[in-house]
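The values are calculated or read from the model by the stated rules, or taken from the named source; none is laboratory data. Just so we're clear, the structure is a prediction, and the values are computed from it rather than from any experiment. Cβ placement follows ideal geometry from the backbone for every residue including glycine, while neighbour counts extend to all protein chains displayed. Calculation scope for accessible area: heavy atoms of the full protein, side chains included, ligands and nucleic acids excluded. Shrake-Rupley method; radii C 1.70, N 1.55, O 1.52, S 1.80 Å.
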Amino acid sequence: MSKPELEFHLPDGRWNTPAGAGPGVEERVLADDPERGCRTALVRWAPGTTDTSAQGVARHDFWEEVYLVEGTLHDLTLGRTFTAGMYACRPPGMPHGPWTSQDGVTMLVITYPEPGRR
């Protein structure tokens, strides 16, 4: 299976709470290929979303690209706030977070395995 073939359209999938997410975090999956580990989703955090310090610094075994569509995201480790229009590209193992979002944030998140894996 691969991601579906989709021409331009208005996504109408439901906003759901991802497994393990804290209160105020929702996602709308735009395209998914679980067999290959590829996924594209909109992720939104409500204003004042509880910080993710309890989960610590995140590291993944996959690539992650994040584009901030609207709002702000504050990295507690770096002490920096990132705003709409900013982009991150994280290779497997790159540390990031923990985070807070005082104003709320909506992100486009794309994940995929490291080439040669899977």
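Data table
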item: Counted charge near residue 33, where neighbours are those whose Cβ lies closer than 9 Å (Asp, Glu -1; Lys, Arg +1); result: +1
item: Within the chain, longest stretch free of exposed chymotrypsin sites (Phe, Trp or Tyr not before Pro) [DSSP loop, at most 15 other beta carbons within 10 Å]; result: 16-118
item: Local electrostatic count at residue 99 - Lys and Arg +1, Asp and Glu -1, tallied over other residues with Cβ under 9 Å; result: -2
item: Whole-percent carbon and sulfur share, accessible surface of the chain, 1.4 Å; result: 55 percent
item: Inter-label distance, nm, simple model (7 Å from Cα along the C-beta direction), residue 57/residue 21; result: 2.6 nm
item: Net charge of neighbours whose Cβ lies under 10 Å from the Cβ of residue 89, counting Lys and Arg as +1 and Asp and Glu as -1; result: -1
item: Relative contact order (%) - the chain, alpha-carbon pairs under 8 angstrom, separation at least six; result: 29 percent
item: From the coordinates shown, percent of Cα pairs over 17 Å apart corresponds to which of (1) 59; (2) 51; (3) 55; result: (1)
item: Relative contact order (%) - criterion: Cα under 8 Å, at least six apart; region: the stretch 44-104; result: 51 percent
item: Loop GluC sites (Glu not before Pro), the stretch 44-118, which have at most 14 other Cβ atoms in a 10 Å radius of their Cβ (DSSP); result: none
item: Stretchable slack from residue 69 to residue 81, in nm (0.36 nm times residue separation minus alpha-carbon distance); result: 2.9 nm
item: Per residue accessible area in Å² of the chain, where ligands, DNA and RNA are left out and the probe is 1.4 Å; result: 64 Å²
